[in-house]
Structures are given as C-alpha cells and as structure tokens.
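The values are calculated or read from the model by the stated rules, or taken from the named source; none is laboratory data. Predicted model only: the values in this text are computed from it and were never measured. Methodologically, a virtual Cβ is constructed for each residue, glycine included, from the backbone with ideal geometry; neighbour enumeration extends over all protein chains shown.
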Amino acid sequence: MIIAKTAEEIELMRESALVVSRTLGEVAKHVKPGVTTLELDKIAEDYIRSQDAIPGFLGLYDFPNTLCMSPNSQVVHGIPNNTPLVEGDIISIDCGAIKNGFYGDHAYTFEVGEIDPETKKLLEVTKQSLYKGIKELKVGNRVGDVGYAIQKYCEDHGYGVVRELVGHGLGRVMHEDPEMPNYGKRGRGKKFIEGMVVAIEPMVNLGTKNIKQHNDGWTITTRDNKPSAHFEHDVAIVNGKPELLSTFKYVYEALGITSTEEDEFRQVKN
Ligand code: MG
Ligand code: MG
C-alpha cells in the first residue's frame, strides 16, 4: 500500500533528502584521479554523522559501507575498495541517510577527469531521463507513466534500460510501495496519490540492458561490460504536482556547474 505523508512528514523528508544531497556535494569535491572509493566512503560517513543523521545503507541488508560505489560497467551496489579512480573513469555514487526517522536516497554518476564523449552523452541522457520521469509524477498519473517516459527517452538514444532494479516509495523504511520501474506502459500500474514520496532512479546502460550479478552478492555489472549510469532524486507529490526534495545543487557547486534543470520541480525554494 502506498503511504501518503503529511505536510509535516514531507518537511522532515526534505531534511533527510538535503542530508544526502549535501553529502554528495562533499564527496564531489574529492572525486579525482587517485582517490579511492573507500576514502570517499569515509568522507560521506563522517559528514552524515556530523548532521545528526545515520548512514542509511550501512548494515541495510548487511551492506558493509555508507556509499554504493559503482565504477564504469558496474550498474549499482558496488562496494567501496582501495582501488584508486583513474582519469576517464565514471563512478556512480548512491547515498542513503536516516534523519528524524526518515530516509533520504540519492545518486549521481561522476566523471573522473576527462571522459570520452560517448560516455559523457550517456550520463547526460540518463540524467535528463530522470527529469522526464519526475515530470510524470503527478496526481492522475500512474507508475507506468513515469517508467514509459524514462524508457522512451533512453531507448530513443539507443541505450539499454535496466529492468531488474527499480525505484521505490521512500519513507520510514528505505523501500516502500510502490515499485517504480524505469520502463513501462502509459496508464498502467498503481495510481499516484497526494503526499506520496518516491525515489526515482534510472539505471541506463550504453549497450545491452542485460546485467550480471557478481559473487560478492552485491555488485551488478552490465553483461557486455559497457558503461552504465545512475541518477536518483527523492520526489513528493504536493498540490498534485512533483516537488523535488533532493537537489544536485551542492554537487554542481563543487563541480562549478550552472543548471536550472530543477527549478520547475521546486514549489518551495531552498
Ligand atoms: Mg539510491
Ligand atoms: Mg533508491
């Protein structure tokens, strides 16, 4: 069952979403060739704890760290390690935190130094597909409308949309109803309701949509070992319309990027 949040609960969830947003902003300052994903993980854990929040992934389903770190052909759920990032890598970083009893869940795929134009395009299209999906999160629409918008946009660019992993409702637990696939048919699936909060998170591959699971029980890579991108926002339905709770603005500040992409999804300015 979809759990609608009260206005007060949505404001608490905005705080949780801002914790993970600022955490990715802190991490963004250090994403460079030579840094290890374990070093970035420590930066994130220290920052989250400094905000009177708790790392949301650490120990969840026995995950061993604060961040999921998935470089290059890894799709999601990669485990931080001591291997330094190198020029030309991409790294998908997924961050969860609990603040005031509510989860924030937020992801961004970073470029490490200069990356090749083909991969750069994959990142841009995946991020844009996230906003195509968010636009459909409104009262009167259904789960399939969001999935369709994401799938159509990515497949029109020739990319593979991962099927096995999906977005989800978000609240006092990490994965609430409904599941939010990044593919689907218009007008199908559960109806959206006022006050619901979801994590929308396209996982998009340069090549095949097919994936494989590694023996560590966590890491997932593309079947053809081509790159994969992942962007995730937390979004509520307020006044019937999508209201962004998370923000990439801290990442953009760290990276020196100017963007207005979030403006249309923000009824409350922050
Ligand atoms: Mg996530
Ligand atoms: Mg998620």
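Things worth noting here:
- Reported count of residues in the stretch 81-98, each being in contact (Cβ under 8 Å) with a residue 60 or more places away in the chain and more than 16 Å from ligand 2 (Cβ to nearest atom), is 2.
- Counting only strands (runs of 3 or more DSSP E) wholly contained in the stretch 172-270, the ones carrying 1 or more residues that are touching a residue at least 24 places away in the same chain (Cβ under 8 Å) and of a type in the set (S, T, N, Q) occupy 203-205, 220-222, 228-230.
- Across the stretch 220-237, the qualifying residues are those that are buried (at least 19 other Cβ atoms within 10 Å of the Cβ) and more than 16 Å from ligand 2 (Cβ to nearest atom), and the one among them that is farthest from residue 154 (Cα to Cα) is 237.
So that you can scan it fast, the table gives a plain yes or no per residue for (1) farther than 21 Å from residue 208 by Cβ; (2) out of contact with any Leu (no Cβ under 8 Å at 6 or more places or on another chain); (3) β-branched (Val, Ile, Thr):
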| site | (1), (2), (3) |
| --- | --- |
| 59 | yes, yes, no |
| 66 | yes, no, yes |
| 81 | yes, no, no |
| 103 | yes, no, no |
| 106 | yes, no, no |
| 117 | no, yes, no |
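- Of the residues examined, residue 34 is not one that is buried (at least 21 other Cβ atoms within 10 Å of the Cβ) and of a type outside the set (A, V, I, L, M).
- Search result, residues across the stretch 227-243 that are under 27 Å from residue 71 (Cβ atoms) and out of contact with any Ser or Thr (no Cβ under 6 Å at 6 or more places or on another chain): 232, 235
- In the stretch 36-47, the residues that are at pLDDT 95 or above form no Cβ pair under 6 Å with any partner that is among the aromatic types (Phe, Trp, Tyr), whether six or more places apart or across chains.
- Residue identified as among the β-branched types (Val, Ile, Thr), more than 30 Å from residue 241 (Cα to Cα), in contact (Cβ under 8 Å) with a residue 24 or more places away in the chain and away from ligand 1 (no atom under 14 Å from the Cβ) among 139, 146, 112: 112
- Residue satisfying all of: in the stretch 102-146; of a type in the set (Asp, Glu) and farther than 19 Å from residue 180 by Cβ; surrounded by the most Cβ atoms within 10 Å (Cβ to Cβ) among these: 111
- Single condition residue 29 does not satisfy, out of (1) surrounded by 15 or more Cβ atoms within 10 Å (Cβ to Cβ); (2) within 19 Å of the chain's Cα centre (by Cα); (3) not aliphatic (A, V, I, L, M): (1)
- One residue alone among 202, 181, 242 is buried (at least 20 other Cβ atoms within 10 Å of the Cβ) and either away from ligand 2 (no atom under 16 Å from the Cβ) or of a type in the set (Gly, Ala, Ser) (or both), and that residue is 242.
- Candidate set: the stretch 45-80, residues that are small (Gly, Ala, Ser) and more than 16 Å from ligand 2 (Cβ to nearest atom); chosen: the one farthest from residue 13 (Cα to Cα): 73
- Here is the figure for the stretch 32-68: residues that are under 15 Å from the mean Cα position of the chain (by Cα) and in a strand (DSSP E or B) total 2.
- Taken together, the residues in the stretch 80-92 that are in a loop (DSSP other than H, G, I, E, B) and touching a Cys at 6+ places or on another chain (Cβ under 8 Å) amount to 0.
- Pairs linking a residue in the stretch 50-67 that is surrounded by 12 or more Cβ atoms within 10 Å (Cβ to Cβ) to a residue that is in a loop (DSSP other than H, G, I, E, B) and among the β-branched types (Val, Ile, Thr), with Cβ atoms under 7 Å and 6 or more positions apart or on different chains, are 55/66; 57/66; 58/66; 64/79; 65/79.
- Of all residues in the stretch 57-96, those being over 25 Å from residue 207 (Cα atoms), small (Gly, Ala, Ser) and touching an Asp or Glu at 6+ places or on another chain (Cβ under 7 Å) number 1.
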